[in-house]
Amino acid sequence: MSIKQNTLKLLSSIPKNIDVVAATKSQSVEEIKSAISAGIKIIGENYVQEAKEKYGKLKGLVSFHLIGHLQTNKVRDAVEIFDMIQTVDSVKLAKEIDKRAKKPMPVLIEVNIAHEKNKHGIFPEDVLNFLNSAKSLKNLQIKGLMTMGPILKNPEDYRPYFKKMKQLFDEIKEKNLPNASMKILSMGMSDSYKIAIEEGATMIRLGRIIFS
Ligand SMILES: *Cc1c(COP(=O)(O)O)cnc(C)c1O
């Protein structure tokens, strides 16, 4: 099937209140345009430089989200290109975004839900501390949480991690913090998005199912 057909089929199967982010790393502008023509409204890019190259040609056609790790020396460019940064994973990065952004920047906190050694993200037990440290950052508009999660064989194996994310999300939401609104829970990829939706994802990020 073509990218357009993949996307149409996918979007027709997903509840309307779920936001679908097309994960477009290594996809060309033409391929991304095919997905947009079938209804994709948000793309997720992993690298600032790659996103910058595509931005010139896709600006205004689609929202840009950063879904890969952000280094502090790339923040200046990132705040120009992206409508949302989904991967805030340290106080240092949060401060840099606050400093460089010319207007409030929507962000998600990346959570390392399974305490994986080689993954970025704040450990779940440290998220409240992070929020406390980010309190005074006026240009940081914290809208929710994001997780990558471990790579597992069986889709059902993702469920406990998604449940933990939803618990953390609800726990923070109940606190009604002035600087964190908890509207978006970004979790689930091609192998796991159905389980993620069942467990409360409001946003899913899909690559292979759209582009292969
Ligand atoms: C590539 C990527 C995805 C999409 O993964 P697929 O398995 O291709 O659906 C989602 N989130 C992030 C952060 C990614 O890098």
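Here, each number is a calculation from the coordinates, and none is a lab measurement. All figures in this text were calculated on a predicted structure; none of them were measured in a lab. All Cβ positions, glycine included, derive from the backbone under ideal geometry; neighbour counts span all protein chains shown.
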- Projecting the Cα atoms of Val21, Ile32, Val111 onto the charge dipole of the chain, where Lys and Arg contribute +1 and Asp and Glu -1 at Cβ, the residue farthest towards the positive end is Ile32
- Message: Sequence gap at least 6, Cα distance under 8 Å: using those rules, report the relative contact order of region 57-212 to the nearest whole percent.
- Response: 17
- Query: Quick one: putting +1 on the C-beta of Lys and Arg, -1 on the C-beta of Asp and Glu, what dipole do you get for the chain around its Cα centre, in Debye to the nearest 20?
  - Reply: 520
- Against the 2.2 N^0.38 Å rule of thumb, the C-alpha Rg of the chain sits at a ratio of 0.98
- Item | Over 28 Å between alpha carbons, listed pairs Lys59/Lys194; Lys102/Lys194; Lys135/Lys194; Lys16/Lys59; Lys138/Lys175; Lys153/Lys183 | Lys59/Lys194; Lys102/Lys194; Lys135/Lys194; Lys153/Lys183
- Task: Taking the Cα centre of region 78-121 as origin, sum charge times position over the Cβ atoms of Lys and Arg (+1) and Asp and Glu (-1), and report the length of that vector in debye to the nearest 20.
- Result: 200
- Return an integer: the convex hull volume of the alpha-carbon atoms of region 127-173, in Å³ per residue. 84
- Message: Counting only other residues whose beta carbon sits under 12 Å from that of Gln49, what net charge do I get with K and R as +1, D and E as -1?
- Response: 0
- Task: Calculate, axis by axis, the spread of Cα positions in region 104-160 along the three principal axes, and write the results as whole Å, longest axis first.
- Result: 41, 18, 18
- Query: Residues with amide H under 5 Å of His69's amide H, sequence separation 5 or more or different chain, H placed in the peptide plane at 1.01 Å from N; which?
  - Reply: none
- Given charges of +1 on the Cβ of Lys and Arg and -1 on the Cβ of Asp and Glu, with all other atoms neutral, how large is the dipole of region 28-90 about its Cα centre, in debye to the nearest 20? 160
- Env charge @ Thr7, Cβ radius under 12 Å, K,R +1 / D,E -1, value +3
- Query: Alpha carbon centre of region 161-175 versus region 33-100: separation in Å?
  - Reply: 25
- Task: Provide the net charge surrounding Val62, with neighbours chosen by a C-beta distance below 13 Å and charges set as Lys +1, Arg +1, Asp -1, Glu -1.
- Result: +1
